[in-house]
1. Could you identify which residue out of GLU66, GLU185, GLU35 has the top mean-square fluctuation in a GNM of the chain using Cα springs shorter than 10 Å?
2. Do any of LYS51/LYS222; LYS15/LYS297; LYS80/LYS312; LYS21/LYS130 go past 25 Å between their Cα atoms, and which?
3. Give me Rg/Rg_expected for the stretch 145-241, where Rg uses Cα atoms only and Rg_expected = 2.2 N^0.38 Å with N residues.
4. Rounding to the nearest 20 debye, state how big the charge dipole of the chain is about its Cα centre with +1 on each Lys and Arg Cβ and -1 on each Asp and Glu Cβ.
5. Within the stretch 47-80, report the trypsin sites (Lys or Arg not before Pro) that DSSP leaves as loop and that have at most 13 other Cβ atoms within 10 Å.
6. Would you mind counting up the charge near THR200? Only other residues with Cβ under 10 Å from its Cβ, with Lys and Arg at +1 and Asp and Glu at -1.
7. Name the shape class, rounded, prolate or oblate, that the alpha-carbon gyration tensor gives for the stretch 1-118, where a ≥ b ≥ c are the square roots of its eigenvalues, rounded holds for a/c under 1.5, and otherwise prolate holds if a/b is larger than b/c and oblate otherwise.
8. Projecting each Cα onto the charge dipole of the stretch 1-147 (Lys/Arg +1, Asp/Glu -1 at the beta carbon, about the Cα centre), which of LEU113, THR135, PRO85 comes out farthest on the positive side?
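Only the coordinates and a few stated rules stand behind these numbers; no lab work does. Note that the structure is a prediction, hence the values are computed from the model and not measured. All Cβ positions, glycine included, derive from the backbone under ideal geometry; neighbour counts span all protein chains shown.
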Amino acid sequence: MMFADLKQQVIDHSKEIGIDKIGFASVDVFSTLKERLKTQQALNYQSGFEKGTNEERTTPTKLMPEAQSIISIALAYPTKIKDAPRNTKEERRGQFCRASWGTDYHHILRDRLEKLGEFLQDQHPDVKYKIMVDTGELADKEVAARAGLGYTGKNTVLITPEYGSYVYLGEMITNIPFAPDQPVEEDCGDCTLCLDVCPTGALVQGGQLNAQKCIAFLTQTKDFLPDEFREKIGNRLYGCDTCQAVCPKNKGKNFHFHTEMEPDPDVVKPKLKPILKISNREFKEKFGFIAGSWRGKKPIQRNAIIALANYKDQTAVQDLIELMKKDPRPVIRGTSAWALGKIGADEGRNAILAAREHESDESVLAEMEKGLSFFDEPVHS
């Protein structure tokens, strides 16, 4: 009975500290997830960003031996920008996905969970807990689904009845035996919109994602982007919202509950050309506080180059030539050469031919050949 009262106190306090939804789950093994992980690994569908072994990812007591329950929280984030900047031919812009708007959500959720932990300590001095936000071993959406916050959609994200899938998730493993909540009895029904529109076919079937083909993952890689995905990323600099944007459960969902989540329009839809020349210090000053900066400057610059190529932006040719000739990073030099070919200006073709004479990196030379192949009469040495 004491823990039932404490549970209600935790729920009440969660509302006071800015948690939009809270639920409680058992620490039983996530056996269905364990089997799915084995399948994902066998098919090479994982991103490589995952943390921990299959046992650690599915057995809460492996992470905290005295674990008795898990508290799962959700915070809703905005989906629309007030006064969004226009994307013009003179100043083309890229975009960061909605989950990267505002202050890095890891900090926001950790703050809420730490406040919840402090409250628990005041109420129950013997409490022990372990906080995880996205980068922990447990799968946030699996915990949230078990805790009754929502259900996992065919697009593999958690969908809540109130906020759709536009929520950040985090959890706290604790040694207090809170009674578990009931899972949500809902599903996607016959709807397959997310599967139908996924740009790369990364949603293999309802509930199964090939992360190696997912644009959200691809925009975070640091090497050359595989050829077949370059046009598909469009003007995305980080992440992808397509499978959520088309979801009927997200229709009309746009919540502005947390000031720190409000997007700076010029940060989340930035001009592309300035990104090509941005210094490390400038990058940290402009983008360092958002989640989309966690992999550093290089992937964002590479994606900006590809976006300019997809726009066929003639005004970017000089900047791209400069990168192709002088940037110390092969990925940036090579992607710039490819982009010059994609844009198709004679000036770019001549610059590739000239730079090729001085280039020694095989990967860059290969990209130069790809760039030259876009022209009507490819030149072969």
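1. GLU185
2. Result: LYS15/LYS297; LYS80/LYS312 exceed 25 Å.
3. The reported ratio for this selection is 1.31.
4. In total the dipole reaches around 740 debye.
5. LYS51, LYS80
6. +1
7. oblate
8. About the Cα centre, the residue reaching furthest to the positive side is PRO85.
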